[in-house]
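As structure tokens, the structure follows; a few thoughts come after it.
The values are calculated or read from the model by the stated rules, or taken from the named source; none is laboratory data. Since the structure is predicted, the reported quantities are computational estimates derived from the model, not experimental observations. Reconstructed Cβ throughout: ideal geometry from the backbone, glycine too, with neighbour counts over all protein chains shown.
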Amino acid sequence: MRKAGVLSILFVYGIFASCAPTISLVRPPESYKGPIAEKPVLLQGDYWVFERGNLAKVRSTALATNIEFPLWVGKTWSYYGEALRVGQPATTKAPRFPTRVDCYVTAFKQFTVTAGTFEAFECECRCELIAAGRYEPGCGEWTIWYAPEAKNLIRTKTGSTETSVELIEYRASRPKS
């Protein structure tokens, strides 16, 4: 394990729910001919049920806030958030550390989770600490999969089963034409 002092033992849970993206390209390059996912319109009755690695289930009626739309293969975006020390519950009053997360869409491919098989954008994310005004590695890497059909993330895989989640059930209505 690489040692970077006390700040190297951070937990990224606070990052997932804390901040909207801030830095990104707005549209794909004109030469791009692949799939594009626009921000979905959520309707009353839409919901998603995720299961954590510890088998706890979480029900949500909101879109993940850490995705910058539209998505396309090759898209990059960044957002700022906060991280907690490993083992701290999300509701703790313990100090949080400022972070920057950089994400990159690596592929659009078929992916299977408990809720079904979907065409999904695969996005790799890397977190860096902001310490004394400079970026330092140390708060993790993870992969997220966004499926336009499900109108949300279908899986998040982190270095910990505690923070990894998978879609097990959902209802994503389609707007009336």
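Starting from residues that are aliphatic (A, V, I, L, M) and free of Cβ contacts under 8 Å to residues at least 40 places away in the same chain, keep the ones in region 94-123 and report whichever is surrounded by the most Cβ atoms within 10 Å (Cβ to Cβ). Across region 94-123, the extreme among qualifying residues is ALA120.
Taken as a whole, the condition of being surrounded by fewer than 18 Cβ atoms within 10 Å (Cβ to Cβ), at pLDDT below 95 and within 17 Å of the chain's Cα centre (by Cα) applies to GLY159. If the condition is being touching a Ser or Thr at 6+ places or on another chain (Cβ under 7 Å) and free of Cβ contacts under 8 Å to residues at least 40 places away in the same chain, then region 142-177 contributes only LYS157. Screening PHE108 on (1) of a type in the set (A, V, I, L, M, F, W, C); (2) under 15 Å from LEU153 (Cα atoms); (3) outside any strand (DSSP E or B) shows it passes everything except condition (3). The lone criterion from (1) over 21 Å from LYS157 (Cα atoms); (2) assigned to a loop (DSSP other than H, G, I, E, B); (3) at pLDDT below 90 left unmet by LEU7 is number (2).
Per-residue answers, yes or no, for (1) under 13 Å from the mean Cα position of the chain (by Cα); (2) in contact (Cβ under 8 Å) with a residue 12 or more places away in the chain; (3) under 25 Å from ALA115 (Cβ atoms):
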{"position": "TYR32", "(1), (2), (3)": "no, yes, no"}
{"position": "ALA37", "(1), (2), (3)": "no, yes, yes"}
{"position": "LEU43", "(1), (2), (3)": "no, yes, yes"}
{"position": "ASP46", "(1), (2), (3)": "no, yes, yes"}
{"position": "VAL49", "(1), (2), (3)": "no, yes, yes"}
{"position": "ALA64", "(1), (2), (3)": "yes, yes, yes"}
{"position": "ILE67", "(1), (2), (3)": "yes, yes, yes"}
{"position": "SER78", "(1), (2), (3)": "yes, yes, no"}
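Does TYR79 meet the test of being aromatic (Phe, Trp, Tyr), surrounded by 14 or more Cβ atoms within 10 Å (Cβ to Cβ), more than 19 Å from ILE168 (Cβ to Cβ) and modelled with pLDDT under 95? Spelling it out, TYR79 is indeed aromatic (Phe, Trp, Tyr), surrounded by 14 or more Cβ atoms within 10 Å (Cβ to Cβ), more than 19 Å from ILE168 (Cβ to Cβ) and modelled with pLDDT under 95. Residues that are within 18 Å of ILE154 (Cα to Cα) and either surrounded by 15 or more Cβ atoms within 10 Å (Cβ to Cβ) or at pLDDT 85 or above (or both) do occur in region 21-35.
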